[in-house]
Amino acid sequence: MTTIRKRIASLLAAALCLSLLAVPAGAYVRVDTNRTVSLTLNFYDEERSFAFEGMKVDIYKVLNMTDAVEFTYTEDGPFASHFNGTEGVAQVTIPKVDLDQSKYETEEAFRAAWSAAWQEGWKSLASTLVNYLSGETIAPTATGTVAVVNADTDDKTGQVKFENLTVGVYLVVPEGDSDGSYTYTTPYYLAALPGLSSADEWVYDLVVTNNKWDRSYNGGGGGTPG
């Protein structure tokens, strides 16, 4: 696999709000596109023991992925009309980066610029697709509800799992939550399934241990800011 393709794979794996993975050094096997994939998401505010129980999470399949980590829009997917040029529908394109390496003094500088542009492209796509959701009726590929697992233990968390998915890139949209005193805002993001581990191995059953969230005090329910 080319260096650019390796970089694409590692950055997509990082799209799950995890620490950015290093660019893989060396070859790894191609993606098995015939395998099913799963995505497990965990939400938990340890300080307040809040597990987001009952929060709805929608996922939308945006792109297909080939065994060589190339992308095409999902023809029967939720956003197909926005990728295929349907008349009267705003069109979006698959992110790509085309930088002239000769303009950079070092390989390191080129890689940094390439990575930044690549991430910005996917961030922009996610934002655009979410904006469409606010103005159109677009059915999700799957919907799940967060449930409490490992209650009364140190491993308590709120968890939702999506199984029997097909390989590709998914838009993850948690709806957010509130307990009366606090409102939790949970960001959306694009996730590549399978993901790529730091050992250059494809992870077909991907687990996000702690999704990001923002907490704001709204004064309800008799609570106090914290």
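Points worth noting:
- Count of residues meeting criterion [open to solvent by 30 Å² or more (accessible area, probe 1.4 Å) and not in a loop (DSSP other than H, G, I, E, B)] in the stretch 72-93: 3
- Pick from the stretch 45-66, criterion under 19 Å from the mean Cα position of the chain (by Cα) and of a type outside the set (A, V, I, L, M), ranking: surrounded by the most Cβ atoms within 10 Å (Cβ to Cβ): Phe52
- Hits in the stretch 149-170 - residues which are at positive phi and without any contact (Cβ under 8 Å) to a residue 60 or more places away in the chain: Asn150, Asp152
- Taking (1) open to solvent by 70 Å² or more (accessible area, probe 1.4 Å); (2) more than 19 Å from Val173 (Cβ to Cβ); (3) more than 19 Å from the chain's Cα centre (by Cα); (4) of a type outside the set (Gly, Ala, Ser) in turn, Lys96 satisfies each apart from (3).
- With respect to (1) more than 18 Å from Ala51 (Cβ to Cβ); (2) in contact with a strand residue (DSSP E or B) (Cβ under 8 Å, 6 or more places away or on another chain), the lone exception for Gly219 is condition (2).
- Under the condition of being modelled with pLDDT of 85 or more, open to solvent by less than 70 Å² (accessible area, probe 1.4 Å), within 17 Å of the chain's Cα centre (by Cα) and not small (Gly, Ala, Ser), the residues counted in the stretch 180-226 number 13.
- One residue stands out in the stretch 28-44 among those that are in contact with a Leu (Cβ under 9 Å, 6 or more places away or on another chain) and part of a loop (DSSP other than H, G, I, E, B): the one that is most open to solvent (accessible area, probe 1.4 Å), namely Thr36.
- Residue in the stretch 121-138 that is open to solvent by 70 Å² or more (accessible area, probe 1.4 Å), part of a loop (DSSP other than H, G, I, E, B) and either touching a helix residue (DSSP H, G or I) at 6+ places or on another chain (Cβ under 7 Å) or without any contact (Cβ under 8 Å) to a residue 12 or more places away in the chain (or both) present: yes
- Pairing each residue of the stretch 173-190 that is within 13 Å of Gly219 (Cα to Cα) and without any contact (Cβ under 8 Å) to a residue 60 or more places away in the chain with any residue that is open to solvent by 30 Å² or more (accessible area, probe 1.4 Å) and in a loop (DSSP other than H, G, I, E, B), provided the two are 6+ apart or on different chains, yields C-beta distances under 6 Å for Gly180/Gly221; Ser181/Gly221; Thr183/Asn218.
The values are calculated or read from the model by the stated rules, or taken from the named source; none is laboratory data. All values reported here derive from a predicted model rather than from experimental measurement. All Cβ positions, glycine included, derive from the backbone under ideal geometry; neighbour counts span all protein chains shown. Heavy atoms of the whole protein, side chains included, go into the accessibility calculation; ligands, DNA and RNA do not. Shrake-Rupley method; radii C 1.70, N 1.55, O 1.52, S 1.80 Å.
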